[in-house]
Amino acid sequence: MAGQKGEVAMPQRRAPSGLDQILLLVGRLNYAWTNTESLLIYLIAGLAKVNKETAIVIFLTLNTTRARMDLVERLAKLPQTPEHCRDDVLLLLDRLGQQSKLRNKYSHCIYSFDEKGDISHTQQMRIFDGKTSIKYGKVEAVDAPEVARITECINDITDINKGIWDVVKRNRFPT
């Protein structure tokens, strides 16, 4: 029997709470995003015609996702980029940009909790300036449709990841 002299009591496992579910989803969202954003290194290498190490330096020197995506988009639009490659890269970047909105929401918000300790709402950490007033902290529910939206976002980012690898392989970009 656990707890007797010389024995270590095992912590009891509990069913995941709503908080655990949201934290797991947000963790998966951030993992999928970071993993996919890092693939921009290979697009930079191939489109700029540099080796992987140089592309890594360029990637790390640009300190925002937006700057990295802008660079890849501009490289894709150069005349020497084959049209099929340009179209594929621009489509993937557009999709990634669309998914960045939800990722940014959950990476830069304040969470509100209900009486059970579960996340019930997010509040954005932004100020919106009007002509004569300001609004801040748009509040949105974290409900079943929102959980489905997060899950769809993770799935789309995963699909974008596969698409980037496909472009890298088809165009023989440095890896």
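The values are calculated or read from the model by the stated rules, or taken from the named source; none is laboratory data. Remember, it's a predicted structure, so these values are computed and weren't measured experimentally. Cβ: placed from backbone, ideal geometry, glycine included. Neighbour counts: every protein chain shown. Ligands, DNA and RNA are excluded from the accessible area calculation, which covers all protein heavy atoms including side chains. Shrake-Rupley method; radii C 1.70, N 1.55, O 1.52, S 1.80 Å.
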task: Quickly run through segment 40-85 and pick out the residues that are in a loop (DSSP other than H, G, I, E, B) and more than 21 Å from the chain's Cα centre (by Cα).
output: LYS49, VAL50, ASN51, LYS77, LEU78, PRO79, GLN80, THR81, PRO82
field: Selection status of THR64, open to solvent by 40 Å² or more (accessible area, probe 1.4 Å), of a type in the set (Ser, Thr, Tyr) and over 19 Å from ASP156 (Cβ atoms)
entry: yes
- request: Check whether at least one residue in segment 86-108 is assigned to a loop (DSSP other than H, G, I, E, B), open to solvent by 60 Å² or more (accessible area, probe 1.4 Å) and modelled with pLDDT of 90 or more, and report yes or no.
  value: no
- request: Would you please list the contacts, defined by Cβ atoms under 7 Å and residues six or more apart or on different chains, that run from a residue in segment 158-174 that is within 15 Å of GLN98 (Cβ to Cβ) to a residue that is surrounded by fewer than 18 Cβ atoms within 10 Å (Cβ to Cβ) and not small (Gly, Ala, Ser)?
  value: ILE160/ARG95; ASN161/ASN35
- request: Check off (1) among the aliphatic types (A, V, I, L, M); (2) out of contact with any Asp or Glu (no Cβ under 6 Å at 6 or more places or on another chain); (3) part of a helix (DSSP H, G or I) for VAL167 and give me the number that stays unchecked.
  value: (2)
Whichever residue in segment 116-139 is in a strand (DSSP E or B) and open to solvent by less than 60 Å² (accessible area, probe 1.4 Å) and, among such residues, is nearest to ASN104 (Cα to Cα): GLN124
task: Kindly indicate whether LEU102 is touching a helix residue (DSSP H, G or I) at 6+ places or on another chain (Cβ under 6 Å), touching a residue at least 40 places away in the same chain (Cβ under 8 Å) and under 27 Å from LEU23 (Cα atoms).
output: yes
- line: Counting only residues that are open to solvent by 40 Å² or more (accessible area, probe 1.4 Å) and either of a type in the set (A, V, I, L, M, F, W, C) or touching a Cys at 6+ places or on another chain (Cβ under 8 Å) (or both), segment 13-47 contains a total of 4
message: Against the definition (of a type in the set (Val, Ile, Thr), at pLDDT 95 or above and surrounded by 11 or more Cβ atoms within 10 Å (Cβ to Cβ)), how does VAL142 come out, yes or no?
response: no
